[in-house]
Amino acid sequence: MRAGRIDDEETRSQVLRLLRESSHPFLSGQELSRQLGISRAAIWKQIEQLRNLGYDIVAIPARGYHLQAGPERLTPAELRQGLQTALVGRDIHCFSSIPSTNSHACQLAEGGATEGTVVVADAQSAGKGRLGRSWASPPGVNLYLSLILRPPVPPREAPLMTFLSSLAVARTIEDVTGLVPTVKWPNDVLLNGRKVAGLLNEMSAESERIHYVVLGIGLNINMRADEFPADLRYPATSLLLATGSLQSRLALCRRLFAELDELYRDYLANGHEGIMNGWLRYFDLLNVMVEVFDGHGSQRGRVSGVADDGALLLLGDDGAIRRILAGDVRPVPAVDPT
Ligand code: BTN
């Protein structure tokens, strides 16, 4: 055995290096112990610590250890691997921690950052949610990103950007996990009725021209149940909780860039139809009786569609169609006739 005490962190990274570099799928505790000159019990301790840090290490008796997946590092170089977007991700800014990717993206946009610039963070210390709420943003588990766009359209078309980002998130989830999410009007993406992603768009504009829109996306990926804030106002989930397995943040982020890129370019070339039709495929409240709460009161009606400008169309008992511009929509529970 090697004399002297090796610092825990150094040992951990040595164990990790050997697992990564091993030419065999499994590396035995005995071999690790031999190469590092420490006991098998010490190796086991390091494996447990790596697992606590989010590394997925399989241990099989008589075979040894196999590293399935590690908490990936979100870096510009990693995110660019295999990325074939024309616009999204032209410029990528990554941070291990930042107050809010949206706030940073707004600053970059004010300074003239090019369209397609993205800001990605491993953690946010002051992640912003809608209606002045905060967005739980622990490190190593989720995706927090903001995309700068400069659509050459008047500000009245800006709501469409919310549909664009929720559609991109829904498609990404379906592509990567095979699960089919639903979208909530006007934003949010849900899995089994629980919120898995939140969207926050910020805009700078004058009367007929948008200077920039920042699309902020928070996607819960590998968050465990005990990592959600206790005081959440809505039921939430993560891809880990919904699928039962850890997901690659890098793969999801690259896929999301590709979906955002495709949808935005289609919008610039052909208008809003592609986005709205795609979004309606994930919308499960069409023709459903709902109640809309807008902070002052509520109104009921049957959802008859979504207008081109993003307004929810509600058919009332009087046969009139009302346009809803904002509010929280909930299905009205069916009354049991018995
Ligand atoms: C919501 O309340 O549903 C919206 C949440 C939006 C969170 C994302 S995380 C990345 C981006 N940066 C922020 O500060 N907020 C958005």
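One table, with the values for the structure above:
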{"quantity": "Nearest-0.05 FRET efficiency for ARG322 and ARG51, computed from C-beta distance (R0 51 Å)", "calculated": "0.45"}
{"quantity": "17 Å Cα-Cα reach of LYS184 towards lysines, excluding residues that sit fewer than 8 places from it in its own chain", "calculated": "LYS195"}
{"quantity": "Formal net charge of residues neighbouring ARG156 (Cβ-Cβ distance under 15 Å; K, R +1; D, E -1)", "calculated": "-3"}
{"quantity": "DSSP bridge pairs, the chain: antiparallel proportion in percent, nearest 5", "calculated": "90"}
{"quantity": "Charged-residue dipole, Cβ positions (Lys, Arg, Asp, Glu), the range 189-232 about Cα centre, Debye nearest 20", "calculated": "220"}
{"quantity": "Fluctuation leader among GLU31, GLU291, GLU157 - the chain, Gaussian network, Cα springs under 10 angstrom", "calculated": "GLU31"}
{"quantity": "Least to most buried among THR182, THR117, THR172, THR85 (fewest other Cβ within 10 Å first)", "calculated": "THR182, THR85, THR117, THR172"}
{"quantity": "Per-residue Cβ neighbour rank within 10 angstrom, fewest leading, TYR212, TYR144", "calculated": "TYR212, TYR144"}
{"quantity": "Sequence-separation-based contact order of the chain, relative, with Cα cut under 8 Å and 6+ spacing, percent", "calculated": "13"}
{"quantity": "Residue order, fewest to most surrounding Cβ atoms within 10 angstrom, among LEU143, LEU50", "calculated": "LEU50, LEU143"}
{"quantity": "Computed over the chain, the ratio Rg/Rh where both radii use C-alpha atoms and Rh is Kirkwood", "calculated": "1.06"}
{"quantity": "Choice from SER33, SER23, SER137 showing the highest fluctuation, given a GNM over the chain with Cα pairs closer than 10 Å", "calculated": "SER23"}
{"quantity": "Gyration tensor verdict on the range 25-174 (Cα atoms; rounded if a/c is under 1.5, prolate if a/b is larger than b/c, oblate otherwise)", "calculated": "prolate"}
{"quantity": "Neighbourhood net charge (13 Å Cβ-Cβ; Lys/Arg +1, Asp/Glu -1) for SER134", "calculated": "+3"}
{"quantity": "Choice from ALA123, ALA307, ALA197 showing the highest fluctuation, given a GNM over the chain with Cα pairs closer than 10 Å", "calculated": "ALA307"}
{"quantity": "12 Å beta-carbon shell around VAL290, net charge (K/R +1, D/E -1)", "calculated": "+2"}
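FYI, it's all coordinate maths here, none of it is from the lab. It should be emphasised that the depicted structure is a prediction, and the values quoted were computed from it without experimental measurement. Don't worry about glycine lacking a Cβ; one is built from the backbone with ideal geometry, like all the others, and counts go over all protein chains shown.
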